[in-house]
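For reference, the structure is listed below as structure tokens.
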Amino acid sequence: TATVDDLIRIAIERSRELGAARARVAETRGLLRQAGVRPAPALEVDGATGRALGSPGKEEFSGAYSHPLETGGKRDKRIRVAEKTVALAEADIAGRTLRLASEIKLRAVDALTQEQRLASFDSLIGTLQESLKLTEARVEQGDAAPLESRLLLVELNRTQAQRRAAEGARQAALTDLRRLCGLAPAEPLALERAALRDSQAAGDVAQLRQRALAQRPDLAAARLVEEQGAAEVALSEAQARPDLTLAARYSHRTARFGDLYGYTASGRPALLRDRDNILAAGISIPLLTRRRNLGNLEAAAARATGARSLRQHLEAAIPLEVEAAWRRWEAAVESLKILNAGVVRQSEENLDIVRQAYALGQLRLLDVLNEQRRLTDTRMSHIEAEADVRRGLAELEQAVGGELR
């Protein structure tokens, strides 16, 4: 047997959707690392000769080094945008995990509710089968009318049909649990009867609203998107500023003046050559205007505006969602209290009285069956009320953004 916490743990470990989200986090961390890389310098080496064009005396060698310099704090702004992307990917995992846990809790409620219904139907079917045997024996002896056995048979078939529907709903809920948890068809899945917590909601509705505003993953993501939009606007403004490139070049040139000769210091003849060593330095500035990056700036500003609107919407809607979930849970609790206060027991006592009156010949079998149906409906209402409390708690936890302990 397994508890809901066990199923949630298994689902988190096996979920491929969460696995993809974790890979997305690793991807964004790689992009964050890349965002901090500075532009690479360049080294250039050139050589030239005039031999191929009939000028054997012309030779030139040069080497250059250029170093780009980013302006406007582009690197820091890129890092800030990348950091928000990483935080967004992590918030996405938190949101997916919360939704997965909520779905598992709701499906577990459905499965256990149907198991309770099945137990109630099984008990009723056993009672009806026993009554049918006794009535058929009385009919054979002439102590009861054949109509009574037919009435009991109809009620038995009706209850068996209801049981079959409950069994189908239970199997569907268990299949959904297998899908959510990533369990193979051959793996066992048995829920403990106490698999669901019956805890009370912690704090009042005002405290829950504050908790939701502080910890809801979707609101945290909306705030991060808004911050990312502001960072993208700052980056777009910085990208409109031209970067600088510093460069230095050394050149060595040699040239021979035909077949002219001169004399060295020792008096020996030598071909006349001209040798030059040149060192040059410079700076390159692209001629950019703000209009060249205006499209990116407008797009970033629009994203920031949309993110701000989404954040404001969630901040206004989340407290209302929490209050609505609280009211549904509170109403379910009150309904269950009323049913627990004596409705089920009173219905059982009513049925006993009607059966005694039937045995004394004061009531008809139809009256007994009608009272039996009322008791069955009351028990089903009690089971559904318990389920509503647990569903309401699961929905309230989802609205708040975390478990209520």
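Only one entry in Q362, Q356 is assigned to a loop (DSSP other than H, G, I, E, B), open to solvent by 70 Å² or more (accessible area, probe 1.4 Å) and not hydrophobic (A, V, I, L, M, F, W, C), namely Q362.
Any residue that is within 19 Å of E232 (Cβ to Cβ) and either outside any loop (DSSP other than H, G, I, E, B) or open to solvent by 60 Å² or more (accessible area, probe 1.4 Å) (or both) - is there at least one of those in the stretch 92-100? The answer is yes, given that some residue of the stretch 92-100 is within 19 Å of E232 (Cβ to Cβ) and either outside any loop (DSSP other than H, G, I, E, B) or open to solvent by 60 Å² or more (accessible area, probe 1.4 Å) (or both). Pairs linking a residue in the stretch 352-366 that is on the phi < 0 side of the Ramachandran plot to a residue that is part of a loop (DSSP other than H, G, I, E, B) and surrounded by 11 or more Cβ atoms within 10 Å (Cβ to Cβ), with Cβ atoms under 9 Å and 6 or more positions apart or on different chains, are V354/L363; R355/L363; A357/L363; Y358/R364; L365/A144; L365/A145. Say whether the condition of being closer than 30 Å to P39 by Cβ, in contact with a His (Cβ under 9 Å, 6 or more places away or on another chain) and in contact (Cβ under 8 Å) with a residue 12 or more places away in the chain is met by at least one residue in the stretch 65-73. No: zero hits. In the stretch 334-349, the residues that are on the phi < 0 side of the Ramachandran plot and part of a helix (DSSP H, G or I) reach residues that are polar (S, T, N, Q) and open to solvent by 50 Å² or more (accessible area, probe 1.4 Å) with C-beta atoms within less than 9 angstrom, at least six apart or across chains, in these pairs: S335/S381; L339/S381; V343/S381; V344/S381. May I ask you to verify whether E321 is within 28 Å of L88 (Cβ to Cβ), outside any helix (DSSP H, G or I) and not hydrophobic (A, V, I, L, M, F, W, C)? In short, no. Among the residues making up the stretch 24-52, those that are exposed (fewer than 12 other Cβ atoms within 10 Å of the Cβ) and either among the polar types (S, T, N, Q) or in contact with a Phe, Trp or Tyr (Cβ under 6 Å, 6 or more places away or on another chain) (or both) are Q34, L43, G47.
Of the helices (runs of 4 or more DSSP H) lying entirely inside the stretch 139-257, those containing at least 2 residues that are modelled with pLDDT of 90 or more and closer than 30 Å to N296 by Cα span 217-239. The set of residues in the stretch 46-72 being farther than 18 Å from G282 by Cβ and part of a strand (DSSP E or B) consists of G47, A48, T49, E59, E60, F61. Within the stretch 158-165, identify whether any single residue is open to solvent by less than 20 Å² (accessible area, probe 1.4 Å) and either in contact (Cβ under 8 Å) with a residue 12 or more places away in the chain or closer than 30 Å to L396 by Cα (or both), and answer yes or no. The answer is yes, given that some residue of the stretch 158-165 is open to solvent by less than 20 Å² (accessible area, probe 1.4 Å) and either in contact (Cβ under 8 Å) with a residue 12 or more places away in the chain or closer than 30 Å to L396 by Cα (or both). For the stretch 283-330, a residue qualifies if it is within 22 Å of R209 (Cα to Cα), open to solvent by less than 60 Å² (accessible area, probe 1.4 Å) and among the small types (G, A, S), and the qualifying residues are A307, A317, A324, A325.
The values are calculated or read from the model by the stated rules, or taken from the named source; none is laboratory data. Remember, predicted model here, so these are calculated numbers, not experimental data. All Cβ positions, glycine included, derive from the backbone under ideal geometry; neighbour counts span all protein chains shown. The area values use the complete protein model at the heavy-atom level, side chains included, leaving out ligands, DNA and RNA. Shrake-Rupley method; radii C 1.70, N 1.55, O 1.52, S 1.80 Å.
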